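The numbers here are math on the coordinates, done by the rules we state, and not lab data. What you are looking at is a predicted structure, and each value in this text was computed from that prediction instead of being measured. Every residue, glycine as well, gets a Cβ built from its backbone with ideal geometry; the counts of neighbours run over all protein chains shown.
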Amino acid sequence: MHLTTLARHALSRGRTPADTYALLARRTRKPLPSARAVCLALTIPHAETTRRLNDCYDALLADPRPDSETDTGELLEALGVFDIPKSLTDTELAIVDHLLSAIDAHGSLRPGHHHGLQRWFTTGNLTTAYLSLTTTHPHPRTGNPTRYWTTLTTAGELLTAAPGPDTRIKYALTHCRTQTTKHQKSTGPTSYSSPPEASVR
C-alpha cells in the first residue's frame, strides 16, 4: 500500500498525525518518507511539506535514535509540521499583518510564544493569537508600547466586526484601547522649549 494511502487510512481511523507517523516509521524504517506521507495525507501542499521537512530534517529525521518513532512524531506535531494551513480571507490577512506589526513592536517576545503565534497564523486561529498578545506587555525599552497597543486595537476591531465574535475579544479590545490611550499620553510632549530671545542691537 502506498505510504500516503496508509497514512490517510490511519488518520481516518482516529489516529493523530504523531501516531500515524510513528506507525509508518516503525513499519518502513524511513523517517522522511513517513513524515512526508502524513503531511500529504493531511492535504498539506507538496511545496509546503517540503519546506517544513527541510527545516527539521537534520535535527529529527536524518539519523533518528532506535525506537524513537513515538517521540519524533510528537516533536514533529509540536513543531507544527503537521498543521493544516487555512486559506485566509482578505480581512484575516489584514489581521495577521497587524498582529505581525505588534510582534515587531513588542521588543522581547519569547521564542516559544513566537512559535505558537506562527502556528496559529498557519491554522487560522487568529482569535487565540490575538488574545495571547493582548495579555503580553511589550518591553518598555526595546519595544514600542504605543505602536504595540495601537496595532492590537486595530486587529481587535477587525476581529469584532466578523459575525459572532468571541466575547473575550471585546474585553481584550477594551483593554487594548485603554493601554493605547495610556501610552499615547505618556509619550506626549512633556516640556516645551522657550522661543529664542530677540537679539539686542
Please give the contour-minus-distance gain from Lys86 to Thr50: 0.36 nm per residue of separation, less the Cα-Cα distance, rounded to one decimal in nm.
11.2 nm
Degrees separating the helix 46-56 axis from the principal Cα axis of the chain, which is the longest one
80 degrees
Given all pairs of different Cα atoms, what value in angstroms does the Kirkwood hydrodynamic radius of the chain take?
19.8 Å
Once R0 is set to 22 Å, what does the formula 1/(1 + (r/R0)^6) return for the Cβ-Cβ distance between His175 and Thr128, expressed as a FRET efficiency to the nearest 0.05?
0.85
Sum -39500 (n - 2.57) across every DSSP H segment of at least 4 residues in the chain, then divide by the residue count to get the 222 nm mean residue ellipticity, nearest 500.
-20500 deg cm²/dmol
Give me the angle, in degrees from 0 to 90, between the Cα long axis of helix 111-123 and the longest principal axis of the Cα atoms of the chain, rounded to the nearest 10.
70 degrees
Gained length - His113 relative to Lys30, 0.36 nm times residue gap less alpha-carbon distance:
26.7 nm
When you have a sec, figure out the Kirkwood radius of the range 90-186 from all distinct Cα pair distances and drop it here in Å to one decimal?
13.2 Å
From the Cα centre of the range 94-170 to that of the range 36-68, the distance in Å is 29 Å
If each of Glu157 and Ala78 carries a label point 7 Å out from its Cα toward its Cβ, how far apart are those two points in nm?
4.0 nm
Extension length gain for Arg15 and Gln184 (0.36 nm per residue less Cα distance), in nm, is 55.8 nm
Calculate, for Thr43 and Arg65, the FRET efficiency according to 1/(1 + (r/R0)^6) with r their C-beta to C-beta distance and R0 30 Å; round to the nearest 0.05.
0.50
In degrees from 0 to 90, rounded to the nearest 10, what is the angle of the helix 167-186 Cα long axis to the longest principal axis of the chain?
40 degrees
